[in-house]
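One structure below.
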Amino acid sequence: MPRILTLAFILSVQIADAQISSNAIKIRDSVYMAPVTGNVYLVTTPAGNVVIDTATAAMAPDAKKLLTGENHGPVKYIILTHGHADHIGGISLWKEAGTQIIAQRNYVEFVNYVTRLDGFFSPRNAAAFGGLPDEIGPWRGNFGAKIDPTILFNEKYEFELGGLKFELFSTPGETPDHLTVWIPAYKIAFMGDNYAGAGIPEPMSFPNIYTLRGTKPRWALDWIKSIDTVLALKPEIVLSGHGDPIVGNAEITRRLMRFRDAIQYVHDEVVKGMNSGKDVYTLMQEIKLPSSYNLSESFGKVSWSVRGIYDGYAGWFDTNPATMYEEPPSSVYPDLVKLAGGPDPVVQMALQKLAEGKPVEALHLTDVVLAYDAKNSAALKARLKALDYLEQKCRNFIEEGWLQYGIAKAKERLASSNYHPLASGQ
Ligand SMILES: [Zn+2]
């Protein structure tokens, strides 16, 4: 078993279950769930069906097979809880002539933003989650995304199908276009990824108010308000984009309030710290989530969210005049190596830091040496040791992904630094 229960493992279990079963999960009469990578839901009515989210393109056919095994009715509406790829990959599979596709209006800019920067995001997604980057074609321009929705709304949208009323609310959180689907007759709320962003089982994880693969600010106060919107509906069932249903208003309230309060706590501590003049690194070190919230940090890390909130409010300038200019701190790293008399003393100091249990300081020191000599094998070996040390202690699967990425990169460089054309006979 790996050191931590990775998302891939959790999802692979879900996928395996879905593939073994020939049936979708019946939530109640006329509501079905296909538990694939990004749950897909089918709500049936006498006048046709509503599909909520569509999974990744790769998993969408499996989800469709499970759900159409329950009901073959015409698809009158597809509702997209948000524009992430694991929710919109199967739209074309479900879309029929006359199917209406509904999203919150921010969907348009969100998918344009993701498409605008696809060459930037592709390798980062691959690094964070493992696997190879997608093939990216020529730049599609600033507004090059395919916009599937036929109905866009701002705050609220309602419709009725087969006597069943659907209410859709704008609930920005993990993304600015998040929406919640509410079926009053069933007291079911479909929350997208605003609660269970990765389907981590109880005790849930703190969310990613910032995610390392790159994101615009995820505004904490919006997210809190959105959870309040869901709580005010008094749902009896909450269905998420990932993970299992939450059943019973008492349990839903307990979990959502705890989650909301944790976001509020971290947000407010950052704001108080900013107002008292503390810098972002101090706050990343100081702000800890009290254990009473009983949330792990296996998905979102509090320190990353502290920085996400800080930078979301303040941007990049840290008041140090040196930071205003184009030359980064690393521009003088080679000079520091020269001052030290060469790479060896700096590498030794990195190893010393590691021995003292300071792997991040060790990494910084290897950065100093590698700015002087990018293929310095002693520095690369020290770097690998520091990354291994961090990976052994790691309890967050996104952090683990980036550590493994760093290890692979260091090994690549080490292999090329050991390459001696004469020795290899070429
Ligand atoms: Zn998702």
A correct Karplus calculation of ³J(HN,Hα) over region 269-282, with 6.51 cos²θ - 1.76 cosθ + 1.60, θ = phi - 60°, whole Hz and x for Gly and Pro, returns 5, 5, 4, 4, x, 4, 5, 8, x, 7, 7, 5, 5, 4
Mind checking the angle between helix 343-355 and the chain's longest principal axis? C-alpha axes, 0 to 90 degrees, to the nearest 10.
50 degrees
Please give the length that would be gained between residue 411 and residue 72 if that part of the chain were fully extended, namely 0.36 nm times their separation in residues minus their C-alpha to C-alpha distance (nm, one decimal).
116.8 nm
In whole percent, the fraction of accessible protein surface over the chain that belongs to carbon or sulfur atoms, probe radius 1.4 Å, stands at 55 percent
Suppose every Lys and Arg Cβ carries +1 and every Asp and Glu Cβ carries -1, with no other charges. What dipole size does region 84-232 come out with about its Cα centre, to the nearest 20 debye?
260 debye
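Find out how many positive minus negative residues lie around residue 307, taking Lys and Arg as positive, Asp and Glu as negative, among other residues whose Cβ is under 13 Å from that of residue 307. Before the final figure, lay out the partial values.
On the way: positive: 218, 278, 301; negative: 269, 279, 286, 311, 318.
With Lys, Arg at +1 and Asp, Glu at -1, the neighbours total -2.
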Could you run the Karplus curve 6.51 cos²θ - 1.76 cosθ + 1.60 with θ = phi - 60° over region 158-173 and give me ³J(HN,Hα) per residue in whole Hz, x for Gly and Pro?
10, 8, 10, 9, x, x, 9, 8, 10, 10, 10, 10, 5, 9, x, x
For region 197-214, what does the Karplus curve 6.51 cos²θ - 1.76 cosθ + 1.60, with θ = phi - 60°, yield as ³J(HN,Hα) per residue in whole Hz, taken in order and with x for Gly and Pro?
x, 9, x, 5, x, 4, x, 4, 9, 4, x, 8, 6, 9, 10, 5, 6, x
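What's the magnitude of the charge dipole for region 346-400 around its Cα centre, counting Lys and Arg as +1 and Asp and Glu as -1 at the beta-carbon? Answer in Debye, nearest 20.
Values: 8 positive and 8 negative charges, 25 e Å.
It comes to approximately 120 debye.
Normalising by the residue count of the chain, find the relative contact order in percent from Cα pairs under 8 Å and 6+ residues apart. Mind dumping the intermediate values first?
Details: 742 pairs, mean separation 48.4, N = 426.
Computed value for the chain: 11 percent relative contact order.
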For region 317-344 and region 216-263, what is the centre-to-centre distance using only Cα atoms, to the nearest Å?
45 Å
Crossing angle, helix 220-232 versus the chain [Cα axis fit, 0-90 degrees, rounded to tens]:
30 degrees
Summing -39500 (n - 2.57) over every DSSP H run of at least 4 residues in the chain and dividing by its residue count gives a helix-only mean residue ellipticity at 222 nm, to the nearest 500 deg cm²/dmol, of -13500 deg cm²/dmol
With the cut-off at 24 Å, tell me which of the pairs 272/353; 288/393; 272/358; 76/187; 278/409 have Cα atoms farther apart than that.
272/353; 272/358; 278/409
With each pseudo-label sitting 7 Å past Cα toward Cβ, what's the residue 216-residue 109 distance in nm, one decimal?
0.4 nm
Residue among 97, 305, 336 farthest towards the positive dipole end of the chain, charges placed on Cβ:
336
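Give me the dipole magnitude in Debye, nearest 20, for the chain about the Cα centre, with unit charges on the beta carbon: positive for Lys and Arg, negative for Asp and Glu.
Computed about the Cα centre, the dipole is about 360 debye.
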How far apart, in nanometres, would the label points at residue 142 and residue 92 be if each is projected 7 angstrom from Cα along the Cα-to-Cβ direction?
2.8 nm
Need the list of aspartates and glutamates near residue 375 for cross-linking: C-alpha distance under 20 angstrom, and skip anything on the same chain fewer than eight residues off.
335, 344, 361, 367, 388, 412
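What does the accessible area per residue of the chain come to in Å², with a 1.4 Å probe and no ligands, DNA or RNA counted?
Values: 20470 Å² over 426 residues.
Per residue, the chain has 48 Å² of solvent-accessible surface.
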Tell me which residues come under 5 Å, amide H to amide H, from residue 90 once H is placed; ignore anything under 5 positions away on its chain.
54, 55
Residue 29 and residue 279 label points (each 7 Å along its Cα→Cβ direction) are spaced in nm at 6.4 nm
Zone of residue 336's modelled label, taken as backbone nitrogen in region 352-392 under 11 Å from a point 7 Å along Cα→Cβ:
361-372
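Report for the chain the percent antiparallel among DSSP-assigned beta bridges with both residues inside it, nearest 5.
Working: 27 of 42 bridges.
Counting DSSP beta bridges with both partners in the chain, the antiparallel share is about 65 percent.
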For the chain, find the longest principal axis of its Cα atoms and tell me its angle to the long axis of helix 118-129, 0 to 90°, nearest 10.
80 degrees
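The values are calculated or read from the model by the stated rules, or taken from the named source; none is laboratory data. Everything numeric in this text was worked out from a predicted model, so none of it was measured. Positions of Cβ are backbone-derived with ideal geometry, glycine not excepted, and every protein chain shown enters the neighbour counts. Accessible surface areas use protein heavy atoms only, side chains included; no ligands, DNA or RNA. Shrake-Rupley method; radii C 1.70, N 1.55, O 1.52, S 1.80 Å.
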